[in-house]
Amino acid sequence: FFSGCKGKEKEHKVEEKKDAPILGEYILKFSHVVSPNTPKGKAASFFEKRLEELSEGRIDVQVYPSSQLYKDNAVLKALKLDTVQMAAPSFSKFGKIVPQLALFDLPFLFKDMAHIHRVQDGKEGQKLKDMVNAKGYIALAFWDNNFKQLSSSKKPLILPEDAKGQKFRIMSSKVLEEQFNVIGANPQMMPFSEVYSGLQQGVIDGQENTISNIYTKKFHEVQKYLTMTNHGYLGYLVVMSEEFWNSLPQDLQKAVVQAMKEATAKQREYAQELNAKQFNLIKEYAKQSGKLEIINLTKEQKDAWRRAVSKIYPDFYDSNKIGEDLIKGVLATE
Ligand code: LMR
C-alpha cells in the first residue's frame, strides 16, 4: 500500500502551490495509555510536531496520553470506526486481531534489543505487519519500550518458585497468562490504567512492566521488591485507521511515512535513554525511602527463570496462536 506514495509527480504542482494550505484540514487523533514522559509518549509528540511541519499544518495531530481517550484494546475498535486515527498498542493487545504478534511477548526469546530489531525489520516483522493490514488497519512501524521487570509486595522474587500463589497483573495475553501459570502464579488481566490502584489496594500482589512504565506510573512506590529479570520485551505496533489513510492525498500519505520514519528512529533512542535515566531515579527512591528492594539476579538464578518459563513455547506452535515457523525463525535469527 505504500507503493502509491512514491514517484508520481503531480502535473498541477505549480498551481497547487499558489493555494495556501488549509490549516487543520485533517485531524489525526493519536490515543495511547502511557505517560507523556515514556518512549511512546515522547515519540508520539515528536511525530505530532514533525507531521504538522511536513504537512504545513494541513494535518493537525492531537495526542491523547494516559488512557484519556481509550483504554488498552478498546482503541483497536475505535480505529476501525475511525473515531481515533492512530494508536500504538503493545503487542498483547492485538490478541483478538492478530494473536501471532504475541511472538514478541514470549519470555526469553530475544537475546537483546538488536536481535528484536533484526526480527522486526526482517521477514517476520513484515509478515506480522501484513497480517495486521489484512485485518483492515494500516501497520506503520514497530516501536520499542524495553525489557520488562517483575515487581511484587509479598515476597522477594529470586527464583521462579517464589512467584507461586502470588497474583500478578497481566495485559490481555495468552502468552503472559501461561508464563505465570507455568510457575504456579496467578495471572489477572487488568487494564494498564488500573494497575496502580490494584497494587495499592492489594487486589494484585505484583506486576511486570518496563522501567519507564513502572517509574512514570509510580508502581515502585506501591511495591516492596523489584527484580531485574529482563524476561520479556514490551513493544508496540503503530497503527492507523484505514479509513483515515485512504482519505489522505498522496502527498500527505508520503508525509505520514516520512514523519513515522523519523519518529521511529528517535523512538529507539528515547527507549534506551529513558530506561537508564528512570532506573537511576527508581534506585534513588529505593535508597532514600528504604521502602523498595531492588534485586539483581545471578546468572544461575536468571537461568532458572529462563528454563521455567520457556517451557511454554511449544504451546504456541499452532499457527493460529503464534506459529512454529515464527518462533523458530526468531531463534534462528542471529
Ligand atoms: C501495559 O498495559 O502494561 C502496557 O501495554 C502499557 C503500554 O502501552 O506501554
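Just so you know, all these numbers are worked out from the coordinates, no wet-lab data involved. Fair warning: this is a prediction, and the values are worked out from it, not measured in the lab. Cβ sites come from the backbone with ideal geometry, for glycine too, and all protein chains shown count toward neighbours.
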Which one, Ala286, Ala271, Leu199, projects farthest toward the positive side of the charge dipole computed for the chain from Cβ point charges (K/R +1, D/E -1)?
Ala286
If you average the C-alpha positions of segment 229-268 and of segment 20-89 separately, how far apart do those two centres end up, in angstrom?
10 Å
Extension gain (nm, one decimal) between Val257 and Thr333, 0.36 nm per residue minus Cα-Cα
24.7 nm
Specify the inter-centroid distance of segment 155-202 and segment 316-334, based on alpha-carbon positions, in whole Å.
25 Å
Nearest-20 debye value, the chain charge dipole, Cβ charges on Lys, Arg, Asp, Glu:
700 debye
Value of D in µm² per second that Stokes-Einstein yields for the chain, Kirkwood Rh from Cα pairs, at 20 °C (1.002 mPa s):
103 µm²/s
Considering the dipole of segment 35-158 built from charges on the beta carbon (Lys and Arg +1, Asp and Glu -1) around the Cα centre, which of Ile158, Phe147, Gly122 is farthest to its positive end?
Ile158
In nm², what is the average projected area of the convex hull enclosing the Cα atoms of segment 90-202?
7.7 nm²
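Please give the length that would be gained between Gln68 and Asn320 if that part of the chain were fully extended, namely 0.36 nm times their separation in residues minus their C-alpha to C-alpha distance (nm, one decimal).
Working: separation 252, 0.36 × 252 = 90.72 nm, distance 3.28 nm.
87.4 nm is the gain from fully extending Gln68 to Asn320.
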Label model pair Leu23, Asn296: point-to-point distance (7 angstrom along the Cα→beta-carbon line) in nm is 5.3 nm
Counting only the backbone N, which residues of segment 189-207 are under 19 Å from the spot 7 Å out from the Cα of Ser289 toward its beta-carbon?
193-207
